[in-house]
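Take a look at the structure set out below.
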Amino acid sequence: MRTLRAEARSIVVDPVRRLLRRGPAGLLLAGVAVGGVIFFHALAQRPAGADVVRAVGGVQGDLPLWLTLLRTPVSLYVPALDLPVWAGITQLFLAFALAENSIGRTRTLAVAYATTLAGTLTARVMIMAGPDRWGFGLPPEAGQVLDTGPSAAVVGLFTYISVVRRAPVVFTLTGGSMVWESVAKPNLAGREHLIAVAAAIVLGLLHGRRYPAWFRAWFRAWFPARFPEGRLSPGGSTPARPTGTGGPAAREGVIPTAAKAPSSRADAGIGVDI
């Protein structure tokens, strides 16, 4: 029960409180994802529209690599035609809303894209290996099958959050359901989901580690994940900042941090440590 209470607070209560503070801006990614899925689903109901959707967001294993990389971001919003779209929309909304208010907007997009791309590229390797390679390979016909669409991103986000937030129950439910899916219905989608789970685990284990200064500067320049309530630690808590005015900095005439009025959000030290 202690584990469940701590997990509920970390996975649900803290993001909801952050959402209440941020307001509608905290649902930007979730709204864009749901709107994109509804748009592409409605467009795919017409023959001409289905061709357009397949041309801009359809990813298959037999496509050239450059075309796969070009279509993968759009494929996050292209739902699978053989699955109920409204159930998928609910899962997509929860995954993006929870992730955006837990790990930040930019990191959410990065994890969603990385896990989807990992499943797509691994499927290409399986097809290239052939069906006779230790049960790992796939027949050439699998190259004609469309990828999983947004479901791999949903699985990846839930897994990543459960690893970062130390939530074993959510992790077991997410990973266990993917294993059960791959056993009950062995297909390309099940394998891509397992790859997405594995990629999310690796990314989650790397979260919060210390990296060289040049890498931290580069990452913060390109992925400035920000929150309005202050600097967040990997566990989600807001550590206290030192407010003392003594020390060598004060003797040298440097204005202490506590007495310096920040001129912008960046001056206030708002961001996420990597």
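The values are calculated or read from the model by the stated rules, or taken from the named source; none is laboratory data. Given the structure is predicted, the values throughout are model-derived calculations rather than measurements. A quick note on method: Cβ atoms are made from the backbone with ideal geometry, for glycine too, and the neighbour counts reach across all protein chains shown. Side chains are part of the model used for accessible areas, which takes the heavy atoms of the whole protein and leaves out ligands, DNA and RNA. Shrake-Rupley method; radii C 1.70, N 1.55, O 1.52, S 1.80 Å.
So the values come out like this:
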quantity: Net +/- balance of residues flanking residue 68 in space, Cβ distance below 15 Å, scoring K and R +1, D and E -1; calculated: 0
quantity: Check: the range 1-104 dipole with +1 on Lys, Arg Cβ and -1 on Asp, Glu Cβ, in debye; calculated: 540 debye
quantity: In Hz, Karplus ³J(HN,Hα) per residue of the range 192-207 (6.51, -1.76, 1.60; θ = phi - 60°; x = Gly, Pro); calculated: 5, 5, 5, 5, 4, 4, 4, 5, 5, 4, 4, 5, x, 5, 7, 5
quantity: Carbon plus sulfur fraction of accessible area for the range 10-89, probe 1.4 Å, in percent; calculated: 74 percent
quantity: Environment charge at residue 57 (Cβ cut-off 10 Å; Lys +1, Arg +1, Asp -1, Glu -1); calculated: +1
quantity: Local net charge near residue 200, Cβ-Cβ under 13 Å (Lys/Arg +1, Asp/Glu -1); calculated: +1
quantity: Computed lengthening from residue 218 to residue 5, 0.36 nm per intervening residue step minus Cα-Cα distance; calculated: 72.9 nm
quantity: Note, ³J(HN,Hα) from phi for the range 162-176, Karplus 6.51, -1.76, 1.60, rounded to Hz, x at Gly and Pro; calculated: 5, 6, 5, 8, 6, 10, x, 5, 4, 4, 5, 5, 5, x, x
